[in-house]
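Asks: What follows is a structure written as structure tokens; I'll ask about it next.
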Amino acid sequence: MKKLSIATTIVILGTGAAQADWSNVTGTITSIDKGKHQLMLNDGQTYSLRPDVKGDDLKVGARIIVSMEKQDGVNMVRSVSRTG
């Protein structure tokens, strides 16, 4: 029984770590650093685009929604969409 309890605990803890804590942020782009694959919004935060996120058509002044997650203190963006 003890082995089953340890295995169950590992599974429960493991599933919690695998879940992402994504959030959506709406804002206006104030600057873009294409070399670093980053953008800054009017909230003053810098957002790093994951390599699979295309940001070529983004422009300063565009109003966007980013779906992001904090990873090691970095705002990692998984998707970007324009608003209105």
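Asks: For the range 49-84, give me each residue that is farther than 15 Å from residue 23 by Cβ and outside any loop (DSSP other than H, G, I, E, B).
Replies: 49, 63, 82
Asks: Do we have any residue at all in the range 14-23 that's of a type outside the set (Phe, Trp, Tyr) and modelled with pLDDT of 90 or more?
Replies: Yes, because at least one residue in the range 14-23 is of a type outside the set (Phe, Trp, Tyr) and modelled with pLDDT of 90 or more.
Asks: May I pose another question? Which one of these is on the phi > 0 side of the Ramachandran plot and of a type outside the set (A, V, I, L, M): 72, 56, 52?
Replies: Just one listed residue meets the conditions, 72.
Asks: When the range 34-48 is examined, which residues are found to be small (Gly, Ala, Ser) and either modelled with pLDDT under 95 or in a loop (DSSP other than H, G, I, E, B) (or both)? Before the answer, list the steps.
Replies: The initial filter retains those residues of the range 34-48 that are small (Gly, Ala, Ser), namely 35, 44, 48.
Those that are small (Gly, Ala, Ser) and either modelled with pLDDT under 95 or in a loop (DSSP other than H, G, I, E, B) (or both): 35, 44.
Asks: A follow-up question, please. Within the range 44-61, take every residue that is within 17 Å of the chain's Cα centre (by Cα) and surrounded by fewer than 13 Cβ atoms within 10 Å (Cβ to Cβ) and give me the one that is nearest to residue 82 (Cα to Cα).
Replies: 54
Asks: Something else about it: Residue 9 versus (1) of a type outside the set (A, V, I, L, M, F, W, C); (2) at pLDDT below 90; (3) in a loop (DSSP other than H, G, I, E, B): which is the lone unmet condition?
Replies: Only one criterion in (1) of a type outside the set (A, V, I, L, M, F, W, C); (2) at pLDDT below 90; (3) in a loop (DSSP other than H, G, I, E, B) is unmet by residue 9, namely (3).
Asks: Does residue 31 satisfy being modelled with pLDDT of 95 or more, part of a strand (DSSP E or B) and not hydrophobic (A, V, I, L, M, F, W, C)? Quick ask: steps written out before the conclusion?
Replies: Details: modelled with pLDDT of 95 or more: yes; part of a strand (DSSP E or B): yes; not hydrophobic (A, V, I, L, M, F, W, C): yes.
Here the answer is yes, as residue 31 does meet what is asked.
The values are calculated or read from the model by the stated rules, or taken from the named source; none is laboratory data. Computed from a predicted structure; not experimentally measured. Every residue, glycine among them, receives a Cβ derived from its backbone with ideal geometry; neighbour counts consider all protein chains shown.
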